[in-house]
Amino acid sequence: MPDIGSSPRQTAGLSAVWSLIGAFLQGLWVVLKRTFRRPITVQYPEEQPYLPPRWRGRIVLTRDPDGEERCVACYLCAAACPVDCIALQATESPDQHDRRYPAWFRINFSRCIYCGHCEEACPTYAIQLIPDFEQGEYVRRNMVYEKQDLLISGTGKYPDYNFYRVAGVRIGGKDKGEAENEQPPVDVRSLLP
Amino acid sequence: MNSWGQALVMSAAVLGAVLTLAALLIWVERRLLGLWQERFGPNRVGPFGMFQSVADMIKIFTKEDWVPPFADKRVFILAPTIVVTTVLLSFAIVPFGPSAGVADSNIAVLFFLAMSSLAAYSVVLGGWASNNKYSLLGGLRAAAQLLSYEVFMGLFLMGVVLLAGSFDLRRIVEAQREGWFVIPQWLGFVGFLIAGVAETHRAPFDMPEAEAELVGGYHTEYSGMKFGMFFVGEYLGIALISSMITVLFFGGWQGPWLPPLVWFCLKTGVFIALFILLRATFPRPRFDQFLSFGWKVLLPLALVNLLITGAIVLGVQGA
């Protein structure tokens, strides 16, 4: 054992040893203090976690306040989807339905990455992501959702929004110029000099 | 022990108790680590997750018992049994109470040191027989680590032996009637604790299995119950080192009010918890750091401790 205190270098070394031992004991104490803390774990199936309203989870297709489908089958969601998990087919049948709508609408949730780009692309607030992530399935095929699985009866996040009431598109019972904040159509011939 | 029958009953009781404890420790360690990391740990199987060990045991017993084709088969199979056997044999000399314990020996401390040295063969041979580079590196580290800690472990224990004047663990416990040896031999206690952690290959001195750099070290190739033997051997080792610390430095079974066996179990339990706390706290040092720490710091300290203790004992006897 060296002669303690004989030179400044050795005393510095000894104090370093003491501070090292102190650091070890402090480490033990910091960990031991955790004994009296509550675990931060959320015991999931029994205890449900809080999901914020804007959580990006399961995708749904919503309806207008008057109960009609919002989706106009514009394909913007399918185009925006980075993993190509959305597929749909637009159709029109003027005698039954006064507007364009998807004949079928399919989302493959085994591919979906829940990025929300479809929701951002949607011009009619039809496609929405909701706070629900419990989509576990035993069979992969069951992850493919058809239109009847996606369509809900409510309006989702925008309860008062009605696309056809603000858009200048003619539908049954609403002619051009009758939408909210819409001027009557101008007869372009009257503008001629 | 008076008769063979009594000895048989005692060894069966110790074997049962120790193996149950080892199984329970699997759960205790995970719960305590969870507690110290602010989470729950296994709490689903049975009350407080207590039957987690049973679930683990069912899993490990029914797992495929596979021997790699490139391994040295006989040694590969033999290696895991060594650690369990030697640690269980060491329990034979532990005095659990004034009349409890399998065997009394006047060289008990030496027997313990011999068995703990033999236990290291398990790791070295396992690493060699696996015929795998990571395993071999683990075995290599175990061998080098063994050489460094065994030396100061024995030398630190000699301080206790000098004070008690005996290698007999029962007499060492009796000698602590006035005061625990941890007070005059605090350096010995710290040194023995460090050596004990290294001896059981526990974090922070688990360099032979260092998952971060050596995959699994010496047990990389082991699966099923052969791996389970290493695992059980490690937990048995924790229990053994904890009970040895209790016997050598903390007065063994002695204590007021409570029965001796309860005192022994309480003290041992505290040190088992300390082992887990050490694992929860410290990162693993580099391999060469531990070696130089052992040879350059702890070995000289052990010698100085021995010298001073010897001088004091001589002085007291001379006076």
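Residue under question is residue B:179, and the condition is that it be surrounded by fewer than 18 Cβ atoms within 10 Å (Cβ to Cβ) and either out of contact with any Lys or Arg (no Cβ under 6 Å at 6 or more places or on another chain) or free of Cβ contacts under 8 Å to residues at least 40 places away in the same chain (or both); does it hold? Against the criterion (surrounded by fewer than 18 Cβ atoms within 10 Å (Cβ to Cβ) and either out of contact with any Lys or Arg (no Cβ under 6 Å at 6 or more places or on another chain) or free of Cβ contacts under 8 Å to residues at least 40 places away in the same chain (or both)), residue B:179 qualifies. Taking the stated definitions as given, is residue A:78 away from chain B (no Cβ under 14 Å) and either farther than 30 Å from residue B:296 by Cα or surrounded by fewer than 16 Cβ atoms within 10 Å (Cβ to Cβ) (or both)? So residue A:78 passes the test.
Of the helices (runs of 4 or more DSSP H) lying entirely inside the range B:221-319, those carrying at least 2 residues that are away from chain A (no Cβ under 14 Å) and over 21 Å from residue B:120 (Cβ atoms) are B:224-249, B:260-281, B:299-318.
Just one of (1) in contact (Cβ under 8 Å) with a residue 12 or more places away in the chain; (2) assigned to a loop (DSSP other than H, G, I, E, B); (3) away from chain A (no Cβ under 14 Å) fails for residue B:203. It is (3). The set of residues from the range B:118-141 being among the small types (Gly, Ala, Ser) and within 15 Å of the chain's Cα centre (by Cα) comprises B:119, B:120, B:122.
Checking B:110, B:78, B:88, B:24 one by one, the residue that is surrounded by 17 or more Cβ atoms within 10 Å (Cβ to Cβ), in a helix (DSSP H, G or I) and of a type outside the set (Ser, Thr, Tyr) is B:88 and no other. Selection of the range B:215-225 for residues being farther than 17 Å from residue B:279 by Cβ and either surrounded by fewer than 22 Cβ atoms within 10 Å (Cβ to Cβ) or in contact with a strand residue (DSSP E or B) (Cβ under 9 Å, 6 or more places away or on another chain) (or both) yields B:215, B:223, B:224, B:225. Summed over the range B:145-171, the residues that are part of a helix (DSSP H, G or I) and of a type in the set (Asp, Glu) give a count of 1. Note on the range B:250-269: among residues that are crowded, with 19+ Cβ neighbours inside 10 Å and of a type in the set (Gly, Ala, Ser), the one that is modelled with the lowest pLDDT is B:252. Among the candidates A:145, A:125, A:138, A:114, the residue that is modelled with pLDDT of 90 or more, among the aromatic types (Phe, Trp, Tyr) and farther than 22 Å from residue A:75 by Cα is uniquely A:138.
Here residue A:89 fulfils each of the conditions (1) closer than 19 Å to residue A:135 by Cβ; (2) polar (S, T, N, Q); (3) free of Cβ contacts under 8 Å to residues at least 60 places away in the same chain apart from (1). Condition check for residue B:43 on (1) free of Cβ contacts under 8 Å to residues at least 12 places away in the same chain; (2) within 14 Å of another protein chain (Cβ to nearest Cβ): one failure, at (1).
Based on this model, can you work out whether residue B:302 counts as under 30 Å from residue B:81 (Cβ atoms) and not aromatic (Phe, Trp, Tyr)? Taking the combined requirement at face value, the residue does not satisfy it.
Here residue B:208 fulfils each of the conditions (1) of a type outside the set (A, V, I, L, M); (2) more than 14 Å from chain A (Cβ to nearest Cβ); (3) outside any loop (DSSP other than H, G, I, E, B) apart from (3).
The values are calculated or read from the model by the stated rules, or taken from the named source; none is laboratory data. This one's a predicted model, so the numbers in the text were calculated from it and none came from an experiment. Counting neighbours? That spans all protein chains shown, and the Cβs are built from the backbone with ideal geometry, glycine included.
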